[in-house]
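Encoded as structure tokens, the structure appears first; notes follow it.
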């Protein structure tokens with residue numbers, strides 16, 4: 001019998017994850033442990049969602065808990081179940097954003113404490129320990145752009161705590177990008193929206209002064225934002241290094257770096273961390289080490305992370321020689337435009353980053369950003385994570401897929417999953433689509449027409 | 001053409017096996033219905049196909065597997081996804097096809113095929129059973145009609161009932177409600193077929209409408225499914241003679257192509273690019289290089305039978 005080349009995954013892992021991300025994991029663990037005892041150390045606690053307001057809270061002397069981040073942590077440790085069950089018992093079903101469902105469950109468990117073993121599910125009580133560990137909030141701040149659920153979520157949390165906890169909402173206009181002068185980071189819509197959100201941050205400072213009973217420390221904010229700006233610059237430089245072929249690190253490494261840039265305090269440790277990330281990537285380039293051994297395909301990943309599946313997905317793609325290199329969630333989020341930040345007066349630049357949430361753009365801007373990144377990273381195909389309970393992220397995905405195909409000749413696949421609910425993911429769905437796309441890329445390469453090079457993106461913005 | 005090649009498509013509800021010779025001609029085929037993906041069902045399909053071809057496994061020169069259970073097929077030198085195999089097999093059965101719609105037991109796919117017979121783009125249904133063979137089974141059970149008779153029943157009905165749910169479970173509830181309202185069973189069946197066709201249209205929209213259109217998979221044997229899909233697409237929908245085995249046929253052809261390592265472009269457009277042949281191995285009499293168009297006798301050979 002003739003034997004042709006097998007496609008079965010090799011047993012030996014082909015991933016070479018960045019070693020430094022383990023240090024990031026330790027920093028994150030320390031952060032959460034510190035938060036869990038914040039009340040005992042005399043600090044007030046703010047629960048917030050959406051854009052990274054942590055520099056404001058740092059300057060105000062508060063301890064902060066980012067709701068999505070904690071839900072993601074639970075999911076990454078596969079400990080989201082008890083919180084989601086508590087949320088379901090409270091009345092939030094599986095169609096609701098699984099971040100919010102998890103975090104609302106945490107709120108319920110925080111109120112109830114983990115001492116009541118009211119479920120008959122074996123082991124559930126033990127697994128609920130972490131979910132019930134958050135200290136109750138002294139105030140809420142909502143900073144959600146491009147997602148109505150995000151705003152309702154904190155409003156519901158406010159009700160879970162009996163409407164007794166003060167709440168402040170920062171409102172963000174959706175960036176339609178349809179005025180004649182509109183473009184990415186330019187145009188009258190951008191300017192007006194930036195000022196509108198910036199003015200609300202001034203009001204937020206007033207609110208924080210009332211809640212803390214002390215004047216806001218603007219110098220501390222400038223100092224924190226100086227560190228964050230530098231960390232953001234280093235992160236961008238590291239991302240740019242990954243345009244090399246083969247790529248020295250992958251999307252999955254950068255996913256591991258999200259937590260530090262998203263909610264750790266702005267300080268020298270944060271800068272050192274991203275300097276080390278960049279240094280390790282440079283060392284890999286110098287040593288000829290790639291993030292995926294024998295890189296064969298370069299892919300773009302669109303969608304919020306499936307936190308239950310981070311390690312699994314990184315291995316799955318690598319098994320096929322597929323290096324996932326870029327994605328809306330890492331390239332276009334998390335202090336991604338540090339040049340906007342004026343460290344002596346950072347409020348406007350902060351407001352602009354909150355507006356730059358990847359769910360807050362019209363399709364034209366998303367198209368521009370996606371095509372830009374696909375071109376600059378030499379992408380062969382796009383994998384769309386159709387995040388089941390995040391309509392804000394999935395809404396424009398079909399348009400993006402069509403645009404990538406028509407403008408760059410890049411094929412796409414879709415697979416269903418979720419940010420913090422593994423039940424929506426089915427391996428065969430991803431596997432069959434991924435392999436089929438890779439087969440199609442192989443055929444197109446043999447045919448010599450893969451990626452209609454030179455056509456380029458057709459989205460033109462004002463200079 | 002002495003080679004013998006096996007293609008196995010181990011799907012979610014049926015196992016299909018096809019044996020082809022070196023010319024790509026089908027020597028035998030089998031379709032075995034299973035409850036779910038099973039090694040036993042796959043083995044029965046393989047045994048049946050080999051028996052019909054008068055072969056044993058040791059006679060095979062190559063095996064390629066596809067389908068949900070493709071990794072369970074022993075002896076398969078290589079696996080390919082259903083996308084590649086359905087496109088390959090269908091393009092061979094219906095030359096010139098540009099859009100393949102395959103409706104299997106658990107999923108449905110729309111595949112655009114280039115002029116060279118190779119996959120251009122594809123889309124698959126999401127994880128729910130809407131628009132798949134399973135959905136038709138739900139309908140057949142709800143209206144208490146054998147699955148084989150469902151199409152004829154649907155063609156007798158009008159199509160003016162509203163079927164709003166495309167979830168197989170909820171649709172069953174909706175069908176039961178219509179039965180409770182004493183709606184005509186044929187009307188219900190036709191309305192569900194129409195709704196499924198609309199759902200398939202949405203799948204096609206993801207890859208773009210192209211013609212000619214070919215419907216494959218077990219559902220292609222349902223005349224009402226073909227009728228309503230044709231109406232929804234406003235295009236003729238062709239059904240190959242053996243719509244269930246296109247994937248297995250494509251797999252067998254891919255096994256053959258890989259083994260030949262020589263020019264296959266003459267009979268399978270694009271296959272040469274997929275499996276580049278070594279130079280100098282073209283079949284005798286097919287390579288026109290250095291030929292002035294005459295045969296050995298010096299007469300012009302137009303490749304048509306001589307009239308006597």
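The values are calculated or read from the model by the stated rules, or taken from the named source; none is laboratory data. A quick note: this is a predicted structure, and the numbers were derived from the prediction, not measured. Cβ sites come from the backbone with ideal geometry, for glycine too, and all protein chains shown count toward neighbours.
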Can you report the number of residues in region A:400-421 which are farther than 29 Å from residue A:246 by Cα and within 13 Å of another protein chain (Cβ to nearest Cβ)?
1
Among residues belonging to region A:144-177 that are assigned to a loop (DSSP other than H, G, I, E, B) and over 26 Å from the mean Cα position of the chain (by Cα), point out the one that is nearest to residue A:346 (Cα to Cα).
A:166
Which ranges mark the helices (runs of 4 or more DSSP H) fully within region A:329-434 that have 3 or more residues being out of contact with any strand residue (DSSP E or B) (no Cβ under 8 Å at 6 or more places or on another chain)?
A:347-355, A:363-376, A:397-408
Got a number for residues in region B:58-74 being surrounded by fewer than 24 Cβ atoms within 10 Å (Cβ to Cβ) and either in contact (Cβ under 8 Å) with a residue 40 or more places away in the chain or within 20 Å of the chain's Cα centre (by Cα) (or both)?
7
In region B:220-259, what residues are over 30 Å from residue B:22 (Cα atoms) and either surrounded by fewer than 18 Cβ atoms within 10 Å (Cβ to Cβ) or within 14 Å of another protein chain (Cβ to nearest Cβ) (or both)?
B:223, B:230, B:231, B:234, B:235, B:236
Examine region B:117-130 for a residue that is away from chain A (no Cβ under 13 Å), part of a loop (DSSP other than H, G, I, E, B), within 29 Å of residue A:418 (Cβ to Cβ) and in contact (Cβ under 8 Å) with a residue 40 or more places away in the chain, and state whether such a residue exists.
yes
Against the condition crowded, with 20+ Cβ neighbours inside 10 Å, assigned to a loop (DSSP other than H, G, I, E, B) and within 14 Å of chain A (Cβ to nearest Cβ), how does residue B:91 come out, does it pass?
no
For region B:94-108, state whether one or more residues are in contact with a helix residue (DSSP H, G or I) (Cβ under 9 Å, 6 or more places away or on another chain), modelled with pLDDT of 80 or more and facing another protein chain (nearest Cβ under 10 Å).
yes
Restricting attention to region A:183-206, does a residue exist that is more than 28 Å from residue A:20 (Cβ to Cβ), in contact with a helix residue (DSSP H, G or I) (Cβ under 8 Å, 6 or more places away or on another chain) and assigned to a loop (DSSP other than H, G, I, E, B)?
yes
